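**Q** Can you keep this structure in mind? I'll have questions shortly.
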Protein chains: 2
Amino acid sequence: MKDLIEVHKDQFVEELQEFLRIQSISALSEHKEDVKTAARFLADAFERIGMEHIELVETEGHPIVYADWLHAEGKPTVLIYGHYDVQPADPLNLWETPPFDPVVRDGKIYARGATDDKGQLFMYVKALQLLKEKNGELPVNIKFCIEGEEELASPHLPPFIEENQEKLAADAVLISDTSFIDVNQPAICTSLRGALALELKVKTANTDLHSGSYGGGVPNAIHSLTKIVDSFHDRNGRIAVENFYEGVPEPTNELKREVAAIPFNEAQTKDQFGIQALFGEEGFTFQEQTGIRPTLEINGITGGFQGEGIKTIIPSEASAKISCRLVGDQNPQEVYERIEEHIQSHKPSGATVELHQFIKAKPVSLDSQTMMIQKAADAYEAVYGVRPLFPKEGGSIPIVEVFSRVLNVPVVLMGFGLPSENLHAPNEHFHLNNFTRGMETIGHYLESL
Amino acid sequence: MKDLIEVHKDQFVEELQEFLRIQSISALSEHKEDVKTAARFLADAFERIGMEHIELVETEGHPIVYADWLHAEGKPTVLIYGHYDVQPADPLNLWETPPFDPVVRDGKIYARGATDDKGQLFMYVKALQLLKEKNGELPVNIKFCIEGEEELASPHLPPFIEENQEKLAADAVLISDTSFIDVNQPAICTSLRGALALELKVKTANTDLHSGSYGGGVPNAIHSLTKIVDSFHDRNGRIAVENFYEGVPEPTNELKREVAAIPFNEAQTKDQFGIQALFGEEGFTFQEQTGIRPTLEINGITGGFQGEGIKTIIPSEASAKISCRLVGDQNPQEVYERIEEHIQSHKPSGATVELHQFIKAKPVSLDSQTMMIQKAADAYEAVYGVRPLFPKEGGSIPIVEVFSRVLNVPVVLMGFGLPSENLHAPNEHFHLNNFTRGMETIGHYLESL
């Protein structure tokens, strides 16, 4: 397999570049056609490697791409999940090379979606192609279920899974959308935080007012918004929304030990991202804060004059994008309602608020001792020479909880990204070394089943 | 004069529309040429009415337009000041008709700059034209000193005035850039607040970070900024910057009575602007809050993701535009330094801040009993049948303090705008009724000197 990968590597990188050039930003309506183009690219790629029953399943949003190959009689069936949509690319001025013009530099491929998740997803297509080239057939039965709305928190995939339980039935769900601990330490994630996202709009008047004539005597929408935003946390970084922590498990000593086992280099993280001082909920370590504790973060804020220089207005409207990471038994809908109550009771006089909900996803926990996960760990060890750790990830892949619950099978989060690869940020990239070794690991894993 | 105005009115409105069509937004560098076009339009207009010594005085920013007519021997000299630049027009989506496509509706002309200040400035050009048409000459000596940087707080006009004291020497400075109390109550403003404007940028990292992997454990630039912004005021609306109120006079009972004489209809203001509840410094009336008390207001805020939907990042940068109105003996430079100290001592751990200063202007107070102001009051009374009040304006015209101090003459703030005319906001307009009666009042005033 290793030799075969070496032969085809350059060709595979070129094909990946083609995939990365497609601006499949699911969040932006002007890219709706691009998202579809990416789905078609994938369907064509499946066809070329001999997959069958290829379908673009239309949804109210972006299509789901299904394909299968079910000729490995008596062998297990693996359902591969991934996503072909990407995050928006702004702020564009911080990219060293354009986000949709993939470039290879120093053994890394730079582009939006390089590591999250096109690069990782494309490894499966190519690993299967090579397995077929090598053996004339695949070692297991394969089903692909790939979506274009992961960055929107998968609004249409859960009903599709619910309605197609038989079609999607498998012995394991295999996902590569997570990352190593660092370049020499692979990881199989066994816990994901849930998510909740919303937009808060504050209005204080029907028009912006002159700050000379009215300033000092009327409410200011930005003041109102910042007062609400600042009330979300106490001075110790703890979330001040009443009952927010309901359902958050008190970390046991066992869990604390497990989390502490995940290496974290504070000096290196600070240096890499130009961070002066870390900041988080008092009484918890960085690994706990980002792995097993919930968060409430403002992702964007806007209000009033946005141009150069100054405009002396009292702004009448301001808004903030807010998202939470949830853990344990926190229920996204309940948390949303608590935030809503908090906002209503903390909004200053004269301000009206409007809330809009985007994402809801439940937290999920997986058992690292299942055979399907242990065999994945063996495959990593065979290729990388290091046995993976089983970290608790801070991110959310909402669909993991749905696959796990509805199909009732182990989900194997076999990631090949690195935490330094700027996912969701400018200059996202993917190490080509992991692109090729990832294929090798996948091949190894599927052959071992 | 009234009959002559009636004859020419339509022609004058057409010419004003031509003036308003020029996008002379001084704050936006892409409109630099448009600003110059407006200066030339004015110079041509001066030439057509027989003004002499017309000059476009170049500055490092936008040009000053000078012109004079000095043949009224033995008569006083009046220096007319105004500005041909306008505020930016955004948010564009809130304009009912495009800001630079002037339209007459219900006796009002709608366009950016209609009342502030092109419409009011143009009245002088046309009033002088009619005075000449009527008498063959002007009743007083006239000097025009018109700038294109008022909306930037006049960075280059003060040195020009300092260096040209003899050229600009006059018996009064006449300015129409203020407004009536309401449609039936003219006003000559005798107090203007000073101004200070700055931009605050907060940085917490060199890149946006994924809110899953890092959320909860690293500083968030928006949280840091909103914490600083929220610290500027206490819960009673009082500014919490240490020593901010130094130099602010304790309002005497006499001053309180004078301010209270200015009518204010709370219900009407709330209704007109869709304001649920007024908000301001506790212990002061609306008229006091907006006339004789200082302010600190956020005019704009930006940070993180600005697109549709959600992007789950921890933003690394956020910024706010801040402006203050100052009164009494508050010194803009000292206030700036106090705000800087406040920010430095209130910025959360992990945040670096950068401050940029835009505007500094001293507050000014004028004596309503001078002859030049009393004769202006007579002119209003003759045309409108009502004697003007002498309000304390909340806005700033930084140059008034400079004219008053350097030329050492009375400044007559003879405004013809209305407070409801949306200056600095979408759908700015000017009542044509005041455009014509303004000319009449100006004619009356100049003939009376």
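What follows is calculated from the coordinates using simple rules that are stated; it is not laboratory data. Please read these numbers as outputs of a predicted model, since none were measured by experiment. So basically every Cβ, Gly included, is an ideal-geometry build from the backbone, and we count neighbours across all protein chains shown.
**Q** Note down the Stokes-Einstein diffusion coefficient of chain A in µm²/s, whole number, using a Kirkwood radius over alpha carbon pairs, 20 °C, and 1.002 mPa s. Please list the in-between numbers first.
**A** Numbers: Rh = 23.4 Å.
Roughly 92 µm²/s, to the nearest whole number.
**Q** Contact order normalised by length for segment A:386-440, with contacts defined as Cα pairs under 8 Å and 6 or more residues apart; what percent is it? All intermediate terms of the calculation are to be shown ahead of the outcome.
**A** Working: 20 pairs, mean separation 10.8, N = 55.
Relative contact order of segment A:386-440: 20 percent.
**Q** Average partner chain C-beta neighbours within 10 Å, per residue of A:315-322? Please list the in-between numbers first.
**A** Values: counts 7, 6, 2, 3, 2, 5, 11, 2.
Across the residues of A:315-322, the mean count of other-chain Cβ atoms within 10 Å is 5.
**Q** Among B:229, B:213, B:197, pick out the residue whose Cα is farthest towards the positive end of the charge dipole of segment B:167-247, where Lys and Arg carry +1 and Asp and Glu carry -1 on C-beta, about the Cα centre.
**A** Toward the positive end, the furthest listed residue is B:213.
**Q** Further, regarding this structure: If R₀ is 41 angstrom, what is the calculated FRET efficiency for the pair residue B:103 and residue B:448, using the beta carbon separation as r and rounding to 0.05? Mind dumping the intermediate values first?
**A** Numbers: r = 36 Å, r/R0 = 0.87.
Using R0 = 41 Å, I get an efficiency of 0.70.
**Q** State the Cα centre-to-centre distance between segment A:1-77 and segment A:270-312 in whole Å.
**A** Taking the Cα centre of segment A:270-312 as reference, the centre of segment A:1-77 is 35 Å away.
**Q** Related question: Round to the nearest 0.05 the FRET efficiency obtained for residue B:266 and residue B:71 when R0 = 45 Å and r is the Cβ-Cβ distance. Spell out each step's value before the answer.
**A** Working: r = 51 Å, r/R0 = 1.13.
Using R0 = 45 Å, I get an efficiency of 0.30.
**Q** Let me ask something additional. Once the other residues with Cβ under 14 Å from the Cβ of residue A:337 are scored (Lys, Arg +1; Asp, Glu -1), what is the net sum?
**A** Neighbourhood net charge equals -3.
**Q** Does segment A:16-164 come out rounded, prolate or oblate, given a ≥ b ≥ c as the square roots of the eigenvalues of its C-alpha gyration tensor, rounded meaning a/c under 1.5 and, failing that, prolate meaning a/b above b/c?
**A** Values: a/c = 2.46, a/b = 1.38, b/c = 1.78.
Oblate, since a/c reaches 1.5 and b/c is not below a/b.
**Q** Here's another thing I want to ask about it. Mind counting lysine pairs for me in segment A:114-227? Cα separation below 15 Å, and the two need to be 8 or more apart along the chain or on different chains. Walk me through the intermediate numbers first.
**A** Values: A:118/A:126; A:126/A:134; A:126/A:143; A:143/A:167; A:201/A:227; A:203/A:227.
Taking segment A:114-227 as the scope, the lysine pair count is 6.
**Q** I've got another one for you. Residue by residue through segment A:276-287, which ³J(HN,Hα) values in whole Hz follow from phi under the Karplus form 6.51 cos²θ - 1.76 cosθ + 1.60 (θ = phi - 60°), with glycine and proline marked x?
**A** Going residue by residue, I get 6, 8, 5, 8, x, 4, 4, x, 10, 6, 4, 5 Hz, with x marking Gly and Pro.
**Q** By Kyte-Doolittle mean hydropathy of at least -1.0 and Cα axial length of at least 15 Å, which whole DSSP H helices of chain B are selected? It would help to have the intermediate numbers written out before the result.
**A** Details: long enough: B:2-21 (28 Å, -0.68); B:32-48 (25 Å, -0.63); B:118-135 (26 Å, -0.30); B:332-346 (21 Å, -1.49); B:371-384 (19 Å, 0.19); B:432-448 (24 Å, -0.54).
Membrane-span-like by this rule: B:2-21, B:32-48, B:118-135, B:371-384, B:432-448.
**Q** Return the Rg/Rh value of segment A:331-449, two decimal places, where both radii are evaluated on C-alpha atoms and Rh is the Kirkwood radius. Can you show the working numbers first?
**A** Values: Rg = 20.2 Å, Rh = 17.8 Å.
For segment A:331-449, the value is 1.13.
**Q** Then there's this: For segment B:376-421, just say rounded, prolate or oblate: build the C-alpha gyration tensor, square-root its eigenvalues into a ≥ b ≥ c, call rounded for a/c under 1.5, and beyond that prolate if a/b exceeds b/c, oblate if not. Intermediate results must be reported in sequence, preceding the final value.
**A** Numbers: a/c = 2.89, a/b = 1.47, b/c = 1.96.
Oblate shape, in that a/c is at least 1.5 and b/c is the bigger or equal ratio.
**Q** Quick one: dipole size for the protein assembly as shown, taken about the Cα centre, charges +1 on Lys/Arg Cβ and -1 on Asp/Glu Cβ, in debye to the nearest 20. Can you show the working numbers first?
**A** Values: 78 positive and 136 negative charges, 192 e Å.
Dipole magnitude for the protein assembly as shown comes out near 920 debye.
**Q** List the residues whose amide H sits under 5 Å from the amide H of residue A:358, counting only those 5 or more places along or on another chain, with H placed 1.01 Å from N in the peptide plane.
**A** Those lying under 5 Å, H to H, from residue A:358 are A:197, A:198, A:199.
**Q** Also: Using R₀ = 51 Å, calculate the FRET efficiency as 1/(1 + (r/R₀)^6) where r is the Cβ-Cβ separation of residue B:44 and residue B:246; round to 0.05. It would help to have the intermediate numbers written out before the result.
**A** Numbers: r = 48 Å, r/R0 = 0.95.
My answer for the efficiency is 0.60.
**Q** Could you give the nm distance between label points at residue A:9 and residue A:349, where each point is 7 Å from its Cα heading toward the beta carbon?
**A** Each label point is offset 7 Å from its Cα along the Cβ direction, giving 7.0 nm.
**Q** To the nearest 20 Debye, how big is the dipole of chain A about its Cα centre, given +1 on the beta carbon of each Lys and Arg and -1 on that of each Asp and Glu? Write down the numbers at each step before the final one.
**A** Details: 39 positive and 68 negative charges, 139 e Å.
That gives a dipole near 660 debye.
**Q** Across the Cα atoms of the protein assembly as shown, what radius of gyration and what greatest pairwise Cα-Cα distance (Dmax) are found, in Å?
**A** Taking only Cα atoms of the protein assembly as shown, I get Rg and Dmax of 33.6, 115 Å.
**Q** Can you list residues from other chains, or at least 5 along the same chain, whose modelled amide H is less than 5 Å from the amide H of residue A:299?
**A** A:321, A:322, A:323
**Q** Continuing with this model, one more query. So, counting K/R as plus one and D/E as minus one, what does the shell of residues with Cβ under 12 Å around residue A:13 add up to? Mind dumping the intermediate values first?
**A** Details: positive: A:9, A:108, A:126; negative: A:10, A:14, A:15, A:18.
Counting the neighbours of residue A:13, the net charge comes to -1.
**Q** Rounded to the nearest 500, what is the 222 nm mean residue ellipticity of chain A from helices alone, with -39500 (n - 2.57) per DSSP H run of 4+ residues and division by all residues? Write down the numbers at each step before the final one.
**A** Numbers: 13 runs with 149 residues, N = 449.
Result for chain A, helices only: -10000 deg cm²/dmol.
**Q** Inside 10 Å of the C-beta atoms of A:221-231, what's the mean count of C-beta atoms belonging to other chains? Present the calculation step by step, with values, prior to reporting the outcome.
**A** Working: counts 2, 10, 10, 1, 5, 13, 5, 2, 7, 8, 2.
Across the residues of A:221-231, the mean count of other-chain Cβ atoms within 10 Å is 6.
**Q** In a shell of Cβ-Cβ distance under 9 Å around residue B:399, excluding residue B:399 itself, what net charge do Lys and Arg (+1) and Asp and Glu (-1) give? Provide the component values of the computation, followed by the final result.
**A** On the way: positive: none; negative: B:147, B:150, B:401.
Here the charged neighbours net out to -3.
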